[in-house]
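What follows is one structure encoded as structure tokens, with my remarks underneath.
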Amino acid sequence: MVPGGRLTQQERQQIAVGLADGLAYAEIARRIDRPTSTVTREVMRNGGPGAYRADLAGRAAERRARQRRQATPRGPRAPEDNGRDPEAVREYEEAFTTVLMQSGLPKMMARVLTCLYTTDAGSLTAAELVQRLRVSPASISKAISFLEELNLVRRERDERRRERYIVDDDVWYQSMVASARASAQVVETARQGVRILGSGTPAGNRLENIARFLDFVTETTFRAAEQARDILSAKPAPAASGEGQGTP
């Protein structure tokens, strides 16, 4: 079995046994010779570690495969495919969605963000997201509002007056800065608590420790984000033409 191929039912049964034994995803993956991300994705999209069942997961995989075959368009490949393997792209999108979910994003928000990241245009309309993800317009609207609050997407109107949802090149810079600002607010509020509860009390000491820790992390995050943006956005200096210069 090729590591990147589809899971067999026997492998799913081994995953179920490993979960029942309380094994970590990495250990289960080693036992079936699969990437940890494959096991993580398999479990998370089939009820999680507490509800995973090999037989149900197998039937769900067969159902998804049928849906993909039925949804596969006949005729010329869409321009954005660029010769890519559709199955490999879908597998990657699922893996990336899983990683975003592990970082804390709810499933629908992670799916929308993955869809925007992996389209060459870097932007999609609500109708395009509905078509690609096969969900309701209300689900897309809720997900976009959530992602906007995190500064992970923005919206603008195109020439046809349609709203397009966009991920910019500095999307993670904006998100990190927004997160750091939120942490700075926690620092300020914690220090207000120190003044109210008393700096020498256990509660006051606890809040002061929170404030000191987050203050350090926030300052470091701001500095690192600025440095990373400056370095990564800097254009390389033009090469010297060498005209009128002697050989060193």
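The values are calculated or read from the model by the stated rules, or taken from the named source; none is laboratory data. Everything numeric in this text was worked out from a predicted model, so none of it was measured. Using ideal geometry, Cβ is built from the backbone for each residue, glycine included, and neighbour counts are taken over all protein chains shown. Heavy atoms of the whole protein, side chains included, go into the accessibility calculation; ligands, DNA and RNA do not. Shrake-Rupley method; radii C 1.70, N 1.55, O 1.52, S 1.80 Å.
Remarks
Per-residue answers, yes or no, for (1) at pLDDT below 85; (2) open to solvent by less than 70 Å² (accessible area, probe 1.4 Å); (3) more than 18 Å from the chain's Cα centre (by Cα):
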position: 32; (1), (2), (3): no, yes, yes
position: 45; (1), (2), (3): yes, no, no
position: 70; (1), (2), (3): yes, no, yes
position: 73; (1), (2), (3): yes, no, yes
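- Scoring residue 36 on the criteria (1) at pLDDT 90 or above; (2) open to solvent by 30 Å² or more (accessible area, probe 1.4 Å) leaves a single failure, condition (1).
- Conditions (1) over 16 Å from the mean Cα position of the chain (by Cα); (2) buried (at least 17 other Cβ atoms within 10 Å of the Cβ); number of the one not met by residue 159: (2)
- Conditions (1) closer than 17 Å to residue 113 by Cβ; (2) open to solvent by 80 Å² or more (accessible area, probe 1.4 Å): number failed by residue 202: (1)
- Evaluating residue 66 against the criteria (1) assigned to a helix (DSSP H, G or I); (2) within 21 Å of residue 101 (Cβ to Cβ); (3) open to solvent by 60 Å² or more (accessible area, probe 1.4 Å) leaves one unmet condition, (2).
- Helices (runs of 4 or more DSSP H) completely within the stretch 5-45 that count 3 or more residues being in contact with a helix residue (DSSP H, G or I) (Cβ under 7 Å, 6 or more places away or on another chain) and touching a residue at least 24 places away in the same chain (Cβ under 8 Å): 9-20, 36-44
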